[in-house]
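Q: After the structure tokens below, expect a handful of questions from me.
The values are calculated or read from the model by the stated rules, or taken from the named source; none is laboratory data. Since we're looking at a predicted model, the values are computed, not measured. Here the Cβ positions follow ideal geometry from the backbone for every residue, glycine too, while neighbour counts run over all protein chains shown.
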Amino acid sequence: MPGEEPASETAARAKASWARLIRKVYEADPLECPKCKGPMRVIALIDDSGVIRRILEHLGLWAPLPSERSPPVDPASWPPYASLPLTCHPVPGIA
């Protein structure tokens, strides 16, 4: 169609926009090596969670998310000034 950019130009513009927005939001250049400050480029996008987990486990960087709820705490380990049971005293006129 007339007026459309070739796919390679569109991809190049999208990459530049992505990098510019990341740089602006996080104040860091996502395409700059944090060690040597040299330029980097995207060579792959991995979105399969199983593959990501295997890579991170291999690198020793896998850290599973903590459970939603903490384990119960032994009340004996609480500070001496903590008193149990906790009580609620409703204030009249407040919903």
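Q: For residues in the stretch 7-41 being more than 21 Å from the chain's Cα centre (by Cα), of a type in the set (A, V, I, L, M, F, W, C) and modelled with pLDDT under 80, which is surrounded by the fewest Cβ atoms within 10 Å (Cβ to Cβ)?
A: Going through the qualifying residues, I end up with ALA7.
Yes or no, residue by residue, for (1) surrounded by 10 or more Cβ atoms within 10 Å (Cβ to Cβ); (2) at pLDDT 75 or above; (3) over 30 Å from ALA12 (Cβ atoms):
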site: LEU56; (1), (2), (3): yes, yes, yes
site: LEU59; (1), (2), (3): no, yes, yes
site: TRP62; (1), (2), (3): yes, yes, yes
site: SER70; (1), (2), (3): no, no, yes
site: TRP78; (1), (2), (3): yes, no, yes
site: ILE94; (1), (2), (3): no, no, yes
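Q: So, one more: I'd like the full set of residues that are among the small types (Gly, Ala, Ser) and more than 25 Å from ALA16 (Cα to Cα), limited to the stretch 32-68.
A: SER49, GLY50, GLY60, ALA63, SER67
Q: Working only within the stretch 42-54, note down all residues that are more than 25 Å from LEU65 (Cβ to Cβ) and either at pLDDT 85 or above or exposed (fewer than 10 other Cβ atoms within 10 Å of the Cβ) (or both).
A: Residue satisfying the conditions is ILE43 alone.
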